Amino acid sequence: MSSRAALSFWPLFDLRLVTARLVLRAPTDDDFPGLIAAIDSGIHAPEEMPFSAPWTDTAPEARARTSAQFWWSQRAGWSPDGWHLGLAVLRDGQAIGVQDVAAKDFKVLREVTTGSWLTLGAQGQGFGKEMRAAVLQLAFEDLGAEVARSEAFVDNSSSVGVSRALGYRENGFSRAAPRGTPRAQVHFEMTREEWLARRDQLPRAEISGLRACLAMFGLDGTGA
């Protein structure tokens, strides 16, 4: 089946968030090899583990399979009451990472969480801030979110720095042990009002293809 035919029942494939340097879009199966190659190129130093679930420790062949299963599971598990939008992050047509935004009971709670990864070669260039700002814009301005949350290990200076640069507030700590040793995580929160007060100073995105997707988010009315 062509990707164009799939749009009739999976309009998320046509959703685009275009920033000054990046394109964020839901990956099709044809995008998986590029994303897997990006993962294989390296996301973090071997001695580091920025993720609560240590999925990058898996051997490459098995990791490619479980990555595809994870992306398929986002589609299979989607409902207006619980959705996980994983967007491939493309720079000049090449995959350099993934930016996620997810919610449960969004129509009532109006809360989202975010997560992401970038290849080592793409880090340190402001892409992390640019791509998270894009999904926050989608969430707050187009979907009507009221709260956005994120978390990171306290020693993950890149992720923590992005949250602070975007205007999140620290709102607690927890612990996780991805490699068997407990480590502290810092939690961040931002309200819609805080986002609106800062948005003119942050990277912006051109968002298209949203109108056909609104029912999938449990929303009515019109969109981008």
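General remarks:
- Cα-projected label distance for Gln94 with Ser157, points at 7 Å along beta-carbon direction, nm: 2.6 nm
- Between Ala197 and Trp78, the C-beta separation translates, for a Förster distance of 30 Å, into a calculated FRET efficiency of about 0.40.
- The range 94-119 and the range 164-224 have Cα centres lying 7 Å from one another.
- Spacing of the two label points (7 Å from each Cα toward its C-beta) at Val18 and Thr181, in nm: 4.6 nm
- Remark: Met216, Met49, Met190, Met131 ranked as Met216, Met49, Met190, Met131, counting other beta-carbon atoms within 10 Å and listing the fewest first.
- Packing rank of 94-100, 108-114, 29-35, where each peptide gets the mean count of other beta carbons within 10 Å, highest leading: 94-100, 108-114, 29-35
- One entry in (i) 25, 23, 17; (ii) 28, 20, 17; (iii) 45, 17, 14 is semi-axes √(5λ) of the Cα gyration tensor in Å calculated from the shown coordinates; its label is (i).
- Added length on full extension, which subtracts the Cα-Cα distance from 0.36 nm per residue, Ser41 to Gln125: 28.5 nm
- 222 nm mean residue ellipticity, helices alone, for the chain (DSSP H n ≥ 4; -39,500 (n - 2.57); rounded to 500): -8000 deg cm²/dmol
Any read-out appearing in this document is the output of simple, stated calculations on the displayed coordinates, not a laboratory observation. Predicted, not measured: the structure shown is a model, and the values here were computed from it. Every residue, glycine among them, receives a Cβ derived from its backbone with ideal geometry; neighbour counts consider all protein chains shown.
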